[in-house]
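The values are calculated or read from the model by the stated rules, or taken from the named source; none is laboratory data. All values derive from a computational prediction rather than experimental measurement. Glycine also receives a Cβ, built like all others from the backbone with ideal geometry; neighbour counts cover every protein chain displayed. Side chains are part of the model used for accessible areas, which takes the heavy atoms of the whole protein and leaves out ligands, DNA and RNA. Shrake-Rupley method; radii C 1.70, N 1.55, O 1.52, S 1.80 Å.
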Amino acid sequence: MNVSRTRRTFLGAAAAAAISGAAGCGGARGTTWRVFSGHEARTLDALLEWIIPEDDSPGARGAGVSHYIDRQLSTHFREHRQAYRDGLAATDRLAGGDFAGAPRKQQQAALRKLQRDPATRPFFNLLVPHAMQGFYGNPRHGGNRDFASWRMLGVPPLPVRGRSQYDLTAGGGNAKS
Amino acid sequence: MSGRWKLWMAPAAVLAVGLASVPAADLYYQSSWGTGCARCHEIGIDYDRWRHATHRNINCVECHAGSLQKDLRRVEAHMAGTVPDQVHLGPQDIFDMLPRCRKCHEQEFAEWASGAHSTTYARIFTDSDRNRKQLLMDDCFRCHGMHFEGGIKDLVEPVNTVGPWRLKDPSYANLPAIPCMACHSIHREGAPLVKPRERVSAQEEIVRPSVGLFDRRTRMNVSAAILPLPAIYEGARPVRISSDQRQALCYQCHAPLATMQAGSGDDRTPLGIHEGLSCLACHEQHGEATRQSCADCHPRLSNCGIDVEKMDTTFRNPKSAHNIHTAKCLDCHPKGVPKKAAAHESSILH
Amino acid sequence: MRKVDAVIIGAGASGGVVAKELSTNGISVVVLERGRWYGPNDDRKDDLRNQRTSILGNNSGPEDEGNPRVAVDAQGRERIVLPSQGNYSNNAACVGGGTLTYGAMAWRYHPKDFRMRSTYGALEGSTLDDWPISYDDLEPYYEKAEWEIGVSGDDSANPFKGPRKKPLPMPPLALNKECVILKAAAGRLKLHPFDLPMLRNSVPYNGRGPCMRCRWCVGFPCEVNAKCGTQNTVIPKALATGLCELRLRSMVKEIQFDQKGHATGVAYFDEHDRLQTQEADFVVVAGAATETARLLLNSKHRLWPTGAGNRYDWVGRNLQGHTYTGAFGYFEEVVYDDIGPGAGVAICDFNHGNPGLRGGAMLANEFIRLPIQFVSMLPPRTPRFGPAHKEAMRKYYRRTIAVQGPTQEMPMWHSRVQLDPKVKDRWGIPVLRISGSQHPHTIEIGTAMAAKAEMWLKAAGAAETWRKLPGHNVTGGQHQAGTCRMGNDPKASVANRYGQVHDIDNVFVADGSLHVTNGGFNPALTIMADAYRISEHLIKTWRGTRFRS
């Protein structure tokens, strides 16, 4: 790193303190998520990977399904925020504190409990369709990165379709009745 | 008196801090190389992409520096939580990008500016010859005007085949209908470009990650690497097409109808003597000019004495014997192809 | 507001037709539409936000905010539902109504569909009856709808259709791969497959271009403007007369009457939520079966304290739609060719004449299924997540054909919409409460149709098949009908054969609410044809300020 850039960074950091205070931006926030904390996102990613695992094509993690959920929780699925917070905390708890960091066997056992326990089942039942939407839905909503699932299915992201060349002045296209 | 002064003091202080923070913010964003911008988490994904992109050495503000008004609007949206579902550049941002692209890509820009793809909104949407024959529709935006925010009825009036047609917002008239961002995405992974020492050979077509059609529906560029290369037919016969994946971008707009017949719709798949050639074997990438490319393969004077560079190779008339996309051996050799030439023809590697 | 000859409520399939017919015949009209005028740019083919898949909202109204309904399930549990949620029975609230986003199948009902009671006799537990009009009465108007709004297809190979005087104005679209497979198989079964009719340009027609055959059709407005709805056919014609004014975002509160019960106009909330009055000599209600019934129930008067036309408690009853049944077939080869709209071949062999069954269904291959829709169409024993689910998506998506049909429903007295006593919309107007269930015989018919679909798929070479069985819940949705039955007996119907509400000389219903039964077909063309028929009656009998009796 050259000197001038270091100096600019320093000045910037000083200004940053002033701005973030004024603008109310918490500097500790993760950079990529609207709703989740970094840890919650890691738990969610690990959990989603069980719902749509990677094989020779990307799974939920590779397709960015958690981004879909994060974005929708900030808009259309606002009412499910608490369910996710509680559900992800329960997921961690069932895996001994950190689902994403737990060994596969322990994750699997936690997943089984998550599905069966009447307290966590509703969260799991909420999560599965959301995972499918984020994976198989259009990438514009934050998931299905680079049309990963559509390509897996053999559906081109965009079809090849030309315009029909017709000429209404040549008498075409006028109803006779 | 002093009480009143105190009353004024608080807002004045806020104002002073506010005013001071504008240049401070500017400095901050410039110096933090993106992390400061991305702290507002709505752009996290785009920021991550840019960090791994070809253009990662270009600071955010070099492309995104907006007016004070625009910046304030962004902050307001962030604070109020009214961030749109999908953060994206508006049409004006797209047009503002052009001179910035030009700064580094002067030759490409010049080629584009001299070619058909630099056409304007006025020329595409108020062409009375075309508008009389075919009704304007929203699907027009798939290939031109893709960044326009609104439907066809918001851009042109009247939407009928009678006319006269005019753009509702005349300031669009001379704006490019297929700007750089129609086919290029800046936030795409890839190493920063270095000038190649020698020319890349024609055998090594590279689909740069940044090349991709701006899909108006999803408001994202879909990489040419994952766009389909269609199977094209002439009648029931499958037409040989080059495997050059870059053509997938061309085929999005120069596309056949659903029947996939060569020459239908807007298709320009070469048949006849040029069958199997990639679009980019003849067309320059940005200017689409082809004239120079004839000489790449053809001797200036062919055996029969025709100057290939002076032939009328019009493609507008699909029935022309010289139509470069469909010319067959028999078009120039009505009495049959000389044996030697035929052997030569089949030995050309397409 | 200046008084006009007629006020039309709703700019959908029927309201658009009535507006055009009246205004081109010199009758001034105001059309009040509660929704907006949407185009393809408003949803941009969003697979999670459209008329059929409304996970993130719908694309053709009404908005989720301020438009609740109350849904009551078979166990009597009630809950508040939003337009984008299941059980709301939403169709649309926009110019064109359902015709903006529909799949656009253009069916004429079978002659027997108008004579269900005479054909099959009474059915215990059902209000099954004959229409007051016959197929022959409606035939000229079917033809008018086909030619004015535009239908492509070729039903000449369908021996089960009612007689038609004129062929369809446009040829069918070329068959896609699954249609070719199914057509050959139906031929082998000695059935009678044909190219189904669609309100869709296959060639340039009415000044618009043909279908581009994309994969986003049903549920979306058309980007090439090839799908023919009222928003791009009759409504522009009405507006061009200068006699038709279309007011958007105008929510009608009630029909207003004078002391004697003669309608004087309507009260409505305009786009700024101000309460306005529009006076008119007569009122045409065309809000589709759920909202039309709601408006009549909300239009109270000393003479009809429970709502206009409701003296004998018929308004809102007999809510019908279609429970869709059929089957899926897995083929070892790829059958998906990405050529839309998808649906293309149909059989009417099983609409009637099924031993022991009162009716049946038209069966056709389905529209293209986007990946998110296919998630819920996998074979029944597929795990709902995990590696096996992903593998199933990969295996089945491009190798599956779906054949389905709209089951002829037996109308039910207790399947109904009524006003909820508590819940109101954002204008303070009481909202609908939907309740009811399917008649056991409807389930029987649907189950039989699923077996027929499965048989067809097996004959086509399907290596594996699974059925889609009928649901037990009350339907409505896009095919909603029946809530303001027309009939000759004022004690057992809401309106007469011309849609004129009993007891009120100048209030007409012109939409699917009038259907006595709803056929085994998609109802759009029948709703349009009937609107032409009613319009003709209005034009013929209206004498300046009143109707010739």
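Could you run the numbers on buried accessible area between A and C, total for both chains, 1.4 angstrom probe, in Å² to the nearest 100?
Numbers: alone 11650 and 20400 Å², together 28660 Å².
When A and C are taken together, about 3400 Å² of accessible area is lost.
What accessible area per residue, rounded to a whole number of Å², is obtained for the protein assembly as shown using a probe radius of 1.4 Å? Please list the in-between numbers first.
Details: 46230 Å² over 1076 residues.
Heavy-atom accessible area per residue stands at 43 Å².
Carbon and sulfur together cover what percent of the accessible area of the range B:2-84 at a 1.4 Å probe radius? Don't skip to the end; give the middle numbers.
Details: 3520 of 5290 Å².
Roughly 67 percent, rounded to a whole number.
Using Cα-Cα distances under 8 Å and only pairs 6 or more residues apart, what relative contact order does chain C have, in percent?
For chain C, the relative contact order is 22 percent.
Going by the alpha-carbon gyration tensor, a ≥ b ≥ c the square roots of its eigenvalues, is the range B:156-300 rounded (a/c under 1.5) or, if a/c is not under 1.5, prolate (a/b greater than b/c) versus oblate? Write out the running numbers ahead of the final one.
Values: a/c = 1.68, a/b = 1.22, b/c = 1.38.
Cα axes put the range B:156-300 in the oblate bin.
Which residues, if any, in the range C:180-210 lose at least 10 square angstrom of accessible heavy-atom surface (probe 1.4 Å) when the other protein chains sit next to their chain rather than the chain being alone?
Listed by number, the residues meeting the 10 Å² cut-off are C:Pro204, C:Tyr205, C:Asn206, C:Gly207, C:Arg208, C:Gly209, C:Pro210.
What figure in square angstrom, to the nearest 10, would you give for the accessible area of C:Val4 with a 1.4 Å probe?
Here the residue's solvent-accessible area equals roughly 10 Å².
What is the set of long-range amide H partners of C:Ala106 at a cut-off below 5 Å, with H atoms built 1.01 Å from backbone N?
Those lying under 5 Å, H to H, from C:Ala106 are C:Met198, C:Leu199.
Sequence neighbours fewer than 8 away in the same chain don't count; with that in mind, list the aspartates and glutamates whose C-alpha is under 13 Å from C:Lys237.
The reachable aspartates and glutamates, counting only those whose Cα sits under 13 Å from C:Lys237, are C:Glu21, C:Glu148, C:Glu245.
At a 1.4 Å probe, what is the % contribution of carbon and sulfur to the accessible area of chain C? Could the numbers behind the result be given before it?
Details: 9160 of 18140 Å².
In chain C, the share of accessible area belonging to carbon and sulfur is 51 percent.
Note the full-extension length gain between B:Val87 and B:Thr119 as 0.36 nm times their separation in residues minus their Cα-Cα distance, in nm to one decimal. Write out the running numbers ahead of the final one.
On the way: separation 32, 0.36 × 32 = 11.52 nm, distance 2.74 nm.
The B:Val87-B:Thr119 span can extend by a further 8.8 nm.
Under 5 Å between amide H atoms, partner at least 5 residues away or on a different chain: which partners does C:Arg115 have, H built in plane at 1.01 Å?
Under 5 Å from the amide H of C:Arg115 lie the amide H atoms of C:Trp131, each far enough along the sequence or on another chain.
Taking both sides together, what accessible area is buried at the B/C interface, probe 1.4 Å, expressed in Å² and rounded to the nearest 100? If you can, show how the numbers build up before the last one.
On the way: alone 22840 and 20400 Å², together 42010 Å².
What B and C bury together is about 1200 Å².
If you fit an axis through the alpha-carbon atoms of helix B:68-80 and take the longest principal axis of the Cα set of chain B, what angle between them do you get, 0 to 90°, nearest 10?
On a 0 to 90 degree scale, this one is about 70.
Could you name the aspartates and glutamates in cross-link range of A:Lys113, using Cα to Cα under 12 Å and dropping any fewer than eight places away on the same chain?
Within the straight-line cut-off, A:Lys113 pairs with A:Asp92.
Taking a probe of 1.4 angstrom, what is the accessible area of A:Glu79 in Å², to the nearest 10?
Here the accessible area works out near 130 Å².
For the range C:51-121, rounded, prolate or oblate, judged on the Cα gyration tensor with a ≥ b ≥ c (square roots of eigenvalues), a/c < 1.5 rounded, else prolate if a/b > b/c? Working shown, then result.
On the way: a/c = 3.24, a/b = 1.42, b/c = 2.28.
In terms of gyration-tensor shape, oblate.
Treat each spin label as a single point 7 Å out from the Cα along the C-beta direction, and report the B:Gln107 to C:Lys166 distance in nm.
For the pair B:Gln107/C:Lys166, the computed spacing is 6.4 nm.
Please enumerate, by chain and number, the aspartates and glutamates with C-alpha under 15 Å from the C-alpha of C:Lys260, excluding those fewer than 8 residues away in the same chain.
Cross-link targets: C:Asp281, C:Asp503, C:Asp505.
About the Cα centre, and with charges only on the beta carbon of Lys, Arg (+1) and Asp, Glu (-1), how big is the dipole of the protein assembly as shown? Nearest 20 debye, please. All intermediate terms of the calculation are to be shown ahead of the outcome.
Values: 132 positive and 109 negative charges, 183 e Å.
Charge dipole, the protein assembly as shown, about its Cα centre: 880 debye, nearest 20.
Among rounded, prolate and oblate, which fits the range C:459-518 when a ≥ b ≥ c are the square roots of the eigenvalues of its C-alpha gyration tensor, a/c under 1.5 means rounded, and a/b larger than b/c means prolate? Each step should come with its number before you reach the end.
Details: a/c = 3.86, a/b = 3.49, b/c = 1.11.
Cα axes put the range C:459-518 in the prolate bin.
Viscosity 1.306 mPa s, temperature 10 °C: Stokes-Einstein D of the protein assembly as shown from its Kirkwood Cα radius, in µm² per second? If you can, show how the numbers build up before the last one.
Values: Rh = 32.0 Å.
Roughly 50 µm²/s, to the nearest whole number.
Which number gives the lysine pairs in chain B that have C-alpha atoms under 25 Å apart and are eight or more places apart or on different chains?
Lysine pairs meeting the criterion: 15.
What angle do you read, to the nearest 10 degrees and between 0 and 90, between the alpha-carbon axis of helix B:2-31 and the longest principal axis of chain B?
Result, in degrees: 30.
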